[in-house]
Amino acid sequence: MGNYRNFKLVTYFVAQATAKITREELQKQIDWFNQHMRLDKVYLEPYRDAAFASEEQVRMCKEVFEANGIEVAGGITTCVPTPEGDKPKQRMFNTFCYNDEKMLNTLKKASELNGKCFDSFIIDDFYFTNCTCKACRDGKEAYNKANGITDGSWQAYRTHLMYEVSKEYMIKPAKTVNPNIKITIKYPNWMESYQETGYDPLSQREIFDSIYTGTETRDPRHQDQHLPRYLSYSLMTYMENMLPGLNGGGWFDNFDCQIMEYYLEQAYLTGFAKGRELMMFCFQSLYDSLFGASIGFMADKLDNLLDNLGNPIGVPCYIPNASQGEDNIQDFLGMNGFPIYTTPFFPENAKSLLLTASSAYDPDIVSKLEAYVANGGKAIVTNGFVQETLEKGLKTLTSVRIRGKRVTCQDFVMERNNRWQSVTGPAAISFPMMEFRNNSTWGALVKGLLNEESYTLLSRDTYGDGEMMMMVVPDEYATIRNYPREVLNRFREEFEVNGITLIGDANISLFPYDNDSFVLYNYVTSWASDSVVTVKIKDAKSLSLKPEMNWMPGELKPLYTEGDYSFFRVPVSVGKLQAYKINREVIEETVKEIDEASKTGTIPELNV
């Protein structure tokens, strides 16, 4: 792989520096990186916005990096200032107007320069358009007519336009000067918005050699994109399923990361998703900084952990290409112990699956769901999915109805083994009221309580050989963590993967793998605290804790068993990397200290 066994550690060198840096200064900065990490690769950018590096400068920088044993590829960021003498256009981030010949010629020139200097290059995620200038408005109707586009939306126009622009002004110029050039398109972290600005991974995968994934989640309170940190994992799985084997890696940065762990967690989760490259944007923001030093320190820790992990698995969440709805709900669930991965294709062979409002963008979703459940599958659907599909045939599978009313509850009740358990949460939660017909749908699995009435949060319908569970999510998705622990635990029971279920606090993720291993991660927040959770595992005799995987080597025995399930008490410290291997056979040797810690909840001093 390179300097690390499980990934390449790479960075990006922006054009403003490429254009001006001296050989001596570049070597000085590389020496700093060599003190703190082992860089495998750099993406060296000749063009970005107003900066256009000369071919001589590009080749000098490339030569210096290669002399230091660092692989070099190219890069391009499609931002451009208003051409001299032209009237300014309203363009977010100076993105190109793709009806402006001067700008298109700049794109062509930048692509040719990459082709001359490199055998591969990556396109930064400003490769979109939101331009509504006169040329774009006037050209839209004529373009649609010429290309048979009957949908008059900006979405249809832009996705088709960007496909054609990519072939003519990005790929063709580069391949003309270098027929062997490989071009990677990086997709941003805002998946639900791709289509509105011209991104279309499903069609663009046909013309680009590989893809790359934006895993920048940053500080959720200080960035404007509403991205739960679990997205650094789930979007990686989505893109891997979009183009298996050709998702080059995950790209994150340190912007808006007032807390160091917010930066590091992006790297951890990108690694948990088995990213082939961990892209640290950018060289200039990492140089001589704590961010650069800290990730260099943690890279070895992460590499050691990943040695023991197989391929990521989970309950697949079906998000069709170019869809939106209940944006990022799967990530809010993932941050609270629901092991979910995402896919752009309907997972018809999965044991269980999750459908959200985004899933309803598939025009055939109800017929696919009906066949899946009838044949024995278990579908978990959100109230958003129900709302989008009730009038599209879902009434065949459920008696649940939505009348547009909402309720706010802080008390909850759950049905367990024909008994009721009542709990109170830390804060009131607002959610839609779901009606159903008694004894057609069973709606008493989890309910919210208010005065002398109850409101279903988890219901079950049987159909054919399978079942459909409806899970109600709060109006404010982040308040999922305010459900009482017992309610979260009951929801998680429906998301068992490889026989594993997490029992415990919110704000902890479970990442299972296909080699009987799993990771627990307790996110860093202002309110987070070390915790002790229970992990319920089917047919497990013990858990292995290897030195490179955890805080104390040895074997952890179950606290108790119920039927085929074993229950393990596991300390989970905030911001620490912890992984475990499931033993399905009996291993005699145990470590007493671990057993005692798991039973008492005492957490020894932890080292990553």
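So the values come out like this:
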quantity: Cβ-Cβ FRET estimate between Phe345 and Glu63, R0 fixed at 56 Å, reported to 0.05; calculated: 0.80
quantity: Calculated FRET efficiency for the pair Asn451/Asn34, C-beta based, R₀ 56 Å, to 0.05; calculated: 0.25
quantity: Pairs beyond 24 Å (Cα-Cα), from Lys41/Lys301; Lys182/Lys274; Lys109/Lys274; Lys116/Lys172; Lys87/Lys109; calculated: Lys109/Lys274
quantity: Ellipsoid equivalent to the range 12-53 - semi-axes via the Cα gyration tensor, in Å; calculated: 21, 12, 6
quantity: Net charge dipole size for the range 1-100 [Lys, Arg +1 and Asp, Glu -1 on Cβ; Debye, nearest 20]; calculated: 360
quantity: Whole-angstrom Cα spans of the range 178-268 along principal axes, big to small; calculated: 44, 26, 24
quantity: Rounded to the nearest 20 debye, dipole of the chain from Cβ charges on Lys, Arg, Asp, Glu; calculated: 660
quantity: Along each principal axis, Cα extent of the range 122-259, largest first, Å; calculated: 50, 36, 24
quantity: Reachable lysines from Lys536, criterion Cα separation under 17 angstrom, eight or more residues apart if same chain; calculated: Lys557, Lys581, Lys599
quantity: In Å, descending, principal axis extents of the Cα set of the range 384-481; calculated: 38, 30, 24
quantity: Antiparallel bridges, percent of DSSP beta bridges restricted to the range 24-108 (to nearest 5); calculated: 35
quantity: Glu141, Glu467, Glu164, Glu388, reordered so the largest accessible area comes first (probe 1.4 Å); calculated: Glu141, Glu388, Glu164, Glu467
quantity: Area of Asp364 that stays accessible when all protein chains are in place (1.4 Å probe, Å², to 10); calculated: 80
quantity: Peptides 93-100, 29-36 ordered by average Cβ neighbours within 10 Å, highest first; calculated: 93-100, 29-36
quantity: Accessible-area order (highest first, 1.4 angstrom probe) of the listed residues Ser285, Ser517; calculated: Ser285, Ser517
quantity: Normalised contact order of the range 186-227, rounded percent, pairs of Cα under 8 Å and 6 or more residues apart; calculated: 51
quantity: List Asp505, Asp125, Asp530, ordered by accessible area with a 1.4 Å probe, largest first; calculated: Asp530, Asp505, Asp125
quantity: Degrees between helix 101-117 axis and first principal axis of the chain (Cα, 0 to 90, nearest 10); calculated: 90
quantity: Accessible surface of the chain, 1.4 Å probe, proportion on carbon and sulfur as whole %; calculated: 46
quantity: Directionally averaged shadow of the range 199-242, computed from the convex hull of its alpha-carbon atoms, nm²; calculated: 3.4
quantity: In sequence order, calculated HN-Hα J values of the range 234-248 (Karplus, 6.51, -1.76, 1.60; Hz; x Gly/Pro); calculated: 5, 5, 4, 5, 4, 5, 5, 6, 5, 9, x, x, 10, 8, x
quantity: Per residue accessible area in Å² of the range 291-366, where ligands, DNA and RNA are left out and the probe is 1.4 Å; calculated: 29
quantity: Zero-based 10 Å bins, Cα pair distances in the chain, whole percents; calculated: 3, 16, 24, 24, 18, 10, 4, 0
quantity: Integer Hz, Karplus 6.51/-1.76/1.60 couplings in order for the range 530-542, x for Gly and Pro; calculated: 4, 9, 10, 10, 10, 10, 9, 9, 7, 6, 9, 9, 6
quantity: Label-to-label distance, nm, for residues given as Glu168 and Glu192 (7 Å Cα→Cβ offset); calculated: 3.4
quantity: Helix axis angle, 365-374 relative to the chain longest principal axis, alpha carbon, degrees; calculated: 40
quantity: With at most 12 other Cβ atoms within 10 Å, longest stretch of the chain clear of loop trypsin sites (Lys or Arg not before Pro) (DSSP); calculated: 222-436
quantity: Under Karplus coefficients 6.51, -1.76 and 1.60, residue-wise ³J(HN,Hα) of the range 573-581 in Hz, glycine/proline x; calculated: 8, 5, x, 9, 8, 9, 9, 9, 10
quantity: Length released on extending from Asn147 to Arg403, taking residue separation times 0.36 nm less the Cα-Cα span; calculated: 87.9 nm
quantity: Partner lysines for Lys405 [C-alpha distance under 22 Å; skip if fewer than 8 residues away on the same chain]; calculated: Lys392, Lys395, Lys447
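The values are calculated or read from the model by the stated rules, or taken from the named source; none is laboratory data. Fair warning: this is a prediction, and the values are worked out from it, not measured in the lab. Cβ atoms come from the backbone with ideal geometry, glycine included; neighbour counts cover every protein chain shown. The accessibility values were calculated without ligands, DNA or RNA, using every heavy atom of the protein model including side chains. Shrake-Rupley method; radii C 1.70, N 1.55, O 1.52, S 1.80 Å.
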